[in-house]
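These notes are about the structure you will find just below.
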Amino acid sequence: MFKTMVLICSLAVPDTCLKFEDTTGLRATKEQCKQRATEMVRLLSKHPLPIPAPYAAGYRCVVGEET
């Protein structure tokens with residue numbers, strides 16, 4: 001099971017990032033985790049972020065346990 005995490009960083013200000021963790025549950029496969037990360041980035045891009053634009057986004061799928 002994989003937990004999806006997304007990191008969005010400002011390209012204008014070094015070391016200025018926001019970390020988002022998926023709260024909808026774990027994904028069974030890395031591919032499902034990657035799909036969820038893509039969805040999270042799409043949803044986040046619809047809202048203004050409290051860091052200067054432009055942004056770079058990345059994701060990570062980590063082995064996790066349900067909490």
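Side notes on the structure shown:
- Probe 1.4 Å, all protein chains present, accessible-area order of Leu43, Leu49, largest first: Leu43, Leu49
- Per residue, the convex hull spanned by the Cα atoms of the chain amounts to 84 cubic angstrom.
- Degrees separating the helix 30-44 axis from the principal Cα axis of the chain, which is the longest one: 30
- HN-Hα J in Hz across segment 6-13 - Karplus 6.51, -1.76, 1.60, θ = phi - 60°, x for Gly and Pro: 10, 10, 10, 10, 6, 7, 7, 10
The values are calculated or read from the model by the stated rules, or taken from the named source; none is laboratory data. This is a predicted model, so every value here is computed, not measured. Heads up: the accessible areas ignore ligands, DNA and RNA and are worked out on the full protein's heavy atoms, side chains in. Shrake-Rupley method; radii C 1.70, N 1.55, O 1.52, S 1.80 Å.
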